[in-house]
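The values are calculated or read from the model by the stated rules, or taken from the named source; none is laboratory data. Remember, predicted model here, so these are calculated numbers, not experimental data. Cβ placement follows ideal geometry from the backbone for every residue including glycine, while neighbour counts extend to all protein chains displayed.
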Amino acid sequence: MTVSSQSTPALSRGRLLSLGGLAAVFVTLAWRMHAFVDANCVNMLFWDQWDFYIPFFEGRSLWDVFTFQQGSHRMGIALLLTRGMAALSDWNVRWDAFAISFTMMAAALLALRLATRCGLKLGLGLVAIPLFFFNLRQYEVFVGASNLSHSSFPVLMLLVCCLAWFWRNTPARLLTLAVLNFLLVFTGYGIFAGVLIPALLFLELVQHLRAGRRPEFLWTTAALFACAAAWVVFAQEYIFVGHLEGLNLGYNKPIEYLYFMGLMLANFLGVPGTGGATLAVGYLFLALLLATWLWHGLRLLRLGCEQERISVVLFFLSSFGLVYVANTALGRVAFGWEAGAVASRYVPLMVPGALALLLQAGLLTNRRLSLGLVALLTVATAAGTLTLRKDDLSLITWYRQGRLEWRQAYLATHSIQEANRRSNFQVFPRDIDERIKYLEKNKLNLFAPSGH
């Protein structure tokens, strides 16, 4: 009794210290990301923003905004949020960048809850989560064409899906998943989840049927019909533009797909270069992700979704991570794997894969191996992402100064060609004369009195 009463306060102090340390890391990294956005994002529409703001220029309906197609994806609920922010801010695109930052903060909080739900305890493992979500290697989504649909918002919805799998109330869980499936299908790269959610629900349906669980079977059937309906709606007036994305199924150097995926994953951890050592890190990441996907996929087939909710989550996250890197390689390798694979804008959507690895490492029954892998992943992420390299800083400066100088030149000359010449920079490669006149007439974006 004496030992117990003396150890409990010590344990409580230990937990408080761990919580305090985690909170300090979280707040510090979140504030650093906020400060980075504040220092480097310029209120000047840039590149793809000139295109996905078209529904705003044309005053389209909310449904047209939701279903607007940019490249091979629709923009979904995130573009509706962007429209709302534009209306409140006179189209200040700094709000878009801050929205990505705050969405990643919210996603990180959900990931912490998910990690504890999956059995990860206070300690080094949870510290890795803010390192993933506040990874400064995602800088391009802040200093370039900030796009909520193609970066943080799908990640946030994926994590809500993961938490929903644990709900014991079957109707509420299935309704939530059906709604999220609809939103994800329409929101950028969330489209991949629109395949994974129905696949898991179908597996669950078969298992309900075999076990004779009639109410659950009927609810799951309804959810699957809702998922199918989402795809039917999505397909209306959809335009396949794979050729614009560099899609080339007949690419004559198939080994480069593997190079691309390896380099993408290594870049997430901030490993520099394109040589063998860098690729080896990426291939290790890829192999572990594949092993996690296979292990939990087999568990679901053998033991069922009903009793293996953690396996559902890890299968879901690892599947998304694998599909995302494979799709990106398929679509971009033709542009050159060495330069294309290290694009900063890919980093946010690799977070789910990294989270799957962290959770899997924390679940290992061999505690020494588990702690070792968690520590390795945490230290590797910290070492490669807490600071940026000179080439990254130079690119960030190029984005910031180029947009500032272009804006200043245009305000002085009201000529796109002269602004391009004076700044030695372009904000869009095609004609935007009518759109920029619209901004000036309505005192929006760079013409807004409060713009900076």
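Applying a threshold of 9 Å to beta carbon distances and a minimum spacing of six or more residues, or different chains, the list of pairs starting in the range 415-437 at a residue that is buried (at least 17 other Cβ atoms within 10 Å of the Cβ) and ending at one that is basic (Lys, Arg) and part of a helix (DSSP H, G or I) reads 419/407; 423/403; 423/407; 425/403; 427/403; 427/407; 428/435. Among the residues of the range 345-371, those identified as among the polar types (S, T, N, Q) and either under 17 Å from residue 299 (Cα atoms) or assigned to a helix (DSSP H, G or I) (or both) are 360, 365, 370.
Residues in the range 168-211 that are among the small types (Gly, Ala, Ser) and outside any helix (DSSP H, G or I): 0 in all.
For the range 107-121, the candidate set comprises residues that are surrounded by fewer than 16 Cβ atoms within 10 Å (Cβ to Cβ) and touching a Leu at 6+ places or on another chain (Cβ under 7 Å); within that set, the residue that is nearest to residue 155 (Cα to Cα) is 113. Within the range 377-387, which residues are under 19 Å from residue 292 (Cα atoms) and exposed (fewer than 13 other Cβ atoms within 10 Å of the Cβ)? Result: no residue meets the conditions. For residue 128, indicate whether it is surrounded by fewer than 21 Cβ atoms within 10 Å (Cβ to Cβ), part of a helix (DSSP H, G or I) and of a type in the set (A, V, I, L, M). Against the criterion (surrounded by fewer than 21 Cβ atoms within 10 Å (Cβ to Cβ), part of a helix (DSSP H, G or I) and of a type in the set (A, V, I, L, M)), residue 128 does not qualify. On the stretch given as the range 417-432, residues that are part of a helix (DSSP H, G or I) and modelled with pLDDT under 95 total 0.
Remark: pairs (first residue in the range 347-367, buried (at least 22 other Cβ atoms within 10 Å of the Cβ); second residue charged (D, E, K, R) and assigned to a helix (DSSP H, G or I); Cβ separation under 7 Å; 6+ apart in sequence or on different chains) = 347/137.
For residue 274, state whether it is in a helix (DSSP H, G or I), out of contact with any Cys (no Cβ under 8 Å at 6 or more places or on another chain) and of a type in the set (Ser, Thr, Tyr). No: the conditions fail for residue 274. Evaluation of residue 69 against the conditions (1) within 15 Å of residue 185 (Cβ to Cβ); (2) buried (at least 19 other Cβ atoms within 10 Å of the Cβ) shows that the sole unmet condition is (2).
Return yes when residue 325 is within 20 Å of residue 71 (Cα to Cα), in a helix (DSSP H, G or I) and in contact with a Leu (Cβ under 7 Å, 6 or more places away or on another chain) and no when it is not.
Considered against the rule, which asks whether it is within 20 Å of residue 71 (Cα to Cα), in a helix (DSSP H, G or I) and in contact with a Leu (Cβ under 7 Å, 6 or more places away or on another chain), residue 325 comes out as yes.
Within the range 70-85, track down each residue that is outside any helix (DSSP H, G or I) and over 16 Å from the mean Cα position of the chain (by Cα). Hits for the range 70-85 are 70, 71, 72.
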